[in-house]
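Written out below as structure tokens is the structure these notes cover.
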Amino acid sequence: MTRTIAVANQKGGVGKTTTAVNLAAFLQRAGRTVLLMDLDPQANATSGVGSQVPSISPIQTALEKPRQLPSLLEPTYARNLYLLPGSAMLGQQINEGHYQGIRDLRAQFTEANPPLDYVIIDCPPAMSTLSLLALQLADSVVIPVQSEYYAMEGLSQIVPLIEGIQRGDQEKLEIEGLLVTMYCEELDLSQEVYAEVCKFFPNKVFQTVIPRDVALAEASSHGRPIVDYDLRSRGSWAYLNLAKEILSNERLEETR
Ligand code: ATP
Ligand code: MG
């Protein structure tokens, strides 16, 4: 079975794309076949794995003709890491009519050749048609939360939206976890944010926190996940640990 994980938070600049790219890369390193789906018109995840941003994204065709998915999957620099790139036109290309394609596209993720173990979807910083589409395609959501003042405020839109989707078409949509990003050990504020998030979302916060690490920003500017840019950096260790936590959730799923 494919597990589809959306990385979402309507707040901008909290580490969604950095998380989507690096999680996808570490899951691939762990031997999984992974599709990175870039549902953000900024297309930062596409350039984050060193791929060209097309003028027209193939995601529209994937939704209209899901059976064509295998031919739409773009190879990347890494074997078994595929991409559906974003484009600046995504907002114009995708409309609510495309929600009809969601069920068939979900089925194709599993039936695709190669079969996909994980689909990681990067969402834009807005609760738009595109984010809603991502959440309806997803089995679960990773919500990056930047450790800063007002971090919790950013959650005021996404959590009710997830609950709305759970009541509607996708009752199985889960919160995979909240991920505290850009954590600075030496700052009380970072520790306070972590404690606060744990208080509001007991058992839903990843133990892994992502430190503020310039290597992560450098890696994306070189079009490489951190695993291929600076394996020994703190950011790299952190995303490795996040992937491990997600893989251990996979084993829990199997025993259910
Ligand atoms: P948007 O809402 O615009 O899509 P985003 O939530 O996807 O943004 P990113 O693009 O991942 O956020 O990160 C925002 C900026 O912060 C980028 O320049 C990125 O390289 C940098 N960044 C992300 N995570 C970290 C980190 N842990 N340490 C240092 N810099 C980081
Ligand atoms: Mg982004």
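When only Cα pairs below 8 angstrom with a gap of at least 6 residues are kept, the range 40-125 shows a relative contact order of 37 percent.
What does the net charge come to around residue 158 if you take all other residues with beta carbon closer than 12 Å to its beta carbon, with K and R at +1 and D and E at -1? Walk me through the numbers before you get to the answer.
Numbers: positive: 11, 16; negative: 153, 163.
Around residue 158, the surrounding residues sum to 0.
Could you look at the chain and say what percent of its accessible area is carbon and sulfur, using a 1.4 Å probe and all protein chains? The nonpolar share, carbon plus sulfur, comes to 48 percent. Straight-line cross-link reach from residue 204 at under 25 Å between alpha-carbon atoms covers these lysines, not counting any fewer than eight positions away in the same chain: 11, 16, 172, 244. Distance between the modelled labels on residue 186 and residue 247, one decimal in nanometres: 3.3 nm (7 Å Cα→Cβ projection).
For the range 83-167, averaging the sequence separation of C-alpha pairs within contact (under 8 Å, six or more residues apart) and dividing by the residue count gives a relative contact order of 25 percent.
With the dipole of the range 12-126 worked out from charges on the C-beta (+1 for Lys and Arg, -1 for Asp and Glu) around the Cα centre, which of 113, 20, 46 lies farthest toward the positive end? Of the candidates, 113 comes out farthest on the positive side.
Accessible area per residue for the chain in Å², computed with a 1.4 Å probe and the full protein assembly in place, what is it?
46 Å²
For the chain, the spherically averaged projection of the C-alpha convex hull amounts to 12.5 nm². The gain in end-to-end length when the residue 214 to residue 200 segment is fully stretched comes to 2.1 nm, 0.36 nm per residue minus the alpha carbon separation. Here the range 69-219 is treated as a sphere whose radius is the Kirkwood value from Cα pairs; by Stokes-Einstein at 20 °C and 1.002 mPa s it diffuses with a coefficient of 123 µm²/s.
Taking Cα atoms only, the orientation of helix 188-200 departs from the longest principal axis of the chain by about 60 degrees.
Put a dot 7 Å past the Cα of residue 103, heading toward its Cβ, do the same for residue 53, and the two dots end up 3.5 nm apart.
Computed over the chain, the per-residue total of -39500 (n - 2.57) for DSSP H runs of n ≥ 4 gives a 222 nm mean residue ellipticity of -12500 deg cm²/dmol, rounded to 500.
The values are calculated or read from the model by the stated rules, or taken from the named source; none is laboratory data. Quick caveat: nothing in here was measured; it's all calculated off a predicted structure. Quick reminder, even Gly has a Cβ in these numbers, built from the backbone with ideal geometry, and neighbours come from all protein chains shown. Quick note on the areas: whole protein, heavy atoms, side chains included, nothing else; ligands and nucleic acids left out. Shrake-Rupley method; radii C 1.70, N 1.55, O 1.52, S 1.80 Å.
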